[in-house]
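J.: This is the structure I have questions about; it appears just below.
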Amino acid sequence: MEMENREIRITPNEDSEVRAAADSRKIEGYGIVFNKESRDLGGFKEVILPEAIEGVLEKSDVLALLNHDISKGVLARSTNGKGTMDLKPDKKGVKYGFEAPNFDLGNELIEGVRRGDIKGSSFAFTVAEEEWDYKRKPTALRTIKKFDQIYDMSPCYHEAYQDTTVAIRCLEELKKDNPEPEGIKPEIDTPIPEPIIRSEPEPLVEPKININIKNKKMTLEELKEKRAKALEENDKIYEAKTAENRTMTDKEEAQTSANNQLVKELDLQIETESRKLGKGIVVGPYIKIGKDPEPFSLMAAIRAKCEQREMPSAARDMFVHGRESFRRAGISTSGDIILPFELRSDELVAGTQYLGKEFVPEDKKPILPPLMNQLVFGQAGATFLTGLTGDVSVPSFSNATIEWKGEITAAVTAGITTNEVTFSPKKLTAFMEVSKLFLIQSGPAAERMLLDILAAATARKLESTILGVVVGSATQPQGMGYKITTGTDTKANSVVPTYATLVGLESSVDAANAAVGNLAYITNAGGRGILKSIDKGVNNDTGDMLCSESNMVNGYKLLVTNGASAVAGDDDTGDLLVFGNWKDLCIAQWGGYDITVDPYTAAKNGMVVITINSYFDAKGLRGTAATDVHGSVTTAADDYAISFASKAIKIS
């Protein structure tokens, strides 16, 4: 009930008096102002009495947020009147004060206040006692006599973000119960608009197309608003759960589930009608969303963040898709720019311990250049799964015994050993610096270059991990060079490769019945140089090198990436060389791209720091678990067993 009755107000700039101390990180401002009539809030005005706050702060858990956005983090907190934020009522109102924390959000706040970009304050509350003069003209007057709870009191960029839904609902009920006498015409004929909770400007009006959903004619704009409200309601529930450090109640779970189902139904309707209007079309390096005058531009979104301007409408629309993709994946976001991996992706339903339930989504339109095109694994023919939800269990098998039998001979088991490989989202973080001079460019070539750079940064990190030497954990995939570098039972020093070395790698994969599919070698530039420098012959006299001029090794193609480790082997001196069936390498991806833009850290060098968070996992489809004898692990787990074989090679 508290969630349903929560309201949000903005304290105007002239009353808020938000300021930052010149010699410290102290932030102060007024979140609530007493005895001052508000602006028109949609058919009514409001005044808060001083006694409304008495005893309330002592029982409230109040957060200091930036722009009323808990997803960015918490600046300070006052719990039952104590904590890192001071809340002091005086004659004017309630004054808040706190030390801005020494991390990105706090730095953004300090800089924004000192530059004058952040001037207002917001607060969220519920009301215990109020009084209405709904017959007052031209607008009704609401007097708040007692708050029930205060939930947050925060500096903010914009004065436009208010939630007056509860108050307007109450006003409408009062008018319904006490109608105007007949013959008396109201001074204002214009109906009170339905309030919309939003931190951003209204989107451009869409062409009105009537759509029949649930036996009700709705325009495309109305469908989008209905969808947005369902998502916003879920966001409020998630925020409350997080802020109160608790699990969702049964009622909240039922509500979020119902909202998610409604969103899916609306998506089908919106997608069908959007295609009729040419919506969601890829236009060169840009993505066109709806009927916005300009298509989505990542450069424009980054510039808006750096300059503390309102995001373009196309960017806001894109971010809705991005947040939804992360919500479906069960992953929270905290960045400034949230992009989906694909513009429109079907949800892969992940089975837990249900063999064969998974399916691969189709008809996707990538936002960044396709990641598989940036990866050497794409050239090798690896398997990519995108748009996943939760942990994904994929069936695998080791081998099968198949025999011819007589017509009436009883069938026997095929001897198939069936198992499951479970993939779970692991955060991959890539950093890059981009010059401010580059970001002011507006041509399609610069946009495409930026998208390529972002995709390449993610690809390099992913490649260096999979072709690295780290042990697998809950936070990162296993490297293919782990077993020969640090594996307790399998580590080995680097070797000078011979023809026999290559045959041994190929035979190892062939003996495991995995030598079928996309077979290839992968190494780094140093490894390729080694293979091109060593003769096949025992006496080095054949003139045929281990790697030919056409980059073929013993009849298999050799692919090169400098993501492959150059410190492989127990002696940490070898270049990693891997042979295998790359179709059995599965790279899984969840959500999209959670991008943080930092215009401050490298500002003196004219650079902007961009952090890209995305979620991946990688394993072989025939990996092996650890073997255990009498409670002692005898063989460590190997995520790439059977289908892949590795060596650390050196020139001498």
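J.: Counting other C-beta atoms within 10 Å, and keeping those with at most 12, which DSSP coil GluC sites (Glu not before Pro) do you find in segment 438-539?
T.: none
J.: Set the bar at 21 Å for Cα to Cα. Now go through Lys119/Lys604; Lys483/Lys557; Lys26/Lys82; Lys436/Lys604; Lys536/Lys647 and name every pair that lies beyond it.
T.: Correct reply: Lys119/Lys604; Lys483/Lys557.
J.: Kindly state, to the nearest 0.05, the FRET efficiency for Lys82 paired with Met432, given R0 = 51 Å and r defined as their beta-carbon distance.
T.: 0.75
J.: Report the net charge of residues surrounding Ala645, where surrounding means a beta-carbon distance below 13 angstrom and charges are Lys +1, Arg +1, Asp -1, Glu -1. The partial results should precede the final answer.
T.: On the way: positive: Lys483, Arg622, Lys647; negative: Glu506, Asp510, Asp584, Asp638.
Once positives and negatives cancel, what remains is -1.
J.: Among Met449, Met607, which comes first, then next, by fewest other beta-carbon atoms within 10 Å?
T.: Met449, Met607
J.: Name all residues of segment 471-498 having a backbone nitrogen under 16 Å from the label point set 7 Å from the Cα of Ser507 along its Cα→Cβ direction, giving them as ranges.
T.: 498, by backbone N distance to the label point.
J.: Cβ under 11 Å from Ala564's Cβ, Ala564 left aside: what net charge do those residues give with Lys, Arg +1 and Asp, Glu -1?
T.: Result for the local shell: -1.
Bear in mind that the values in this text are calculations on the coordinates, not laboratory data. Please read all numbers here as calculations on a predicted model, not as lab measurements. Heads up, the Cβs are rebuilt from the backbone with ideal geometry, glycines too, and the neighbour counts pull from every protein chain shown.
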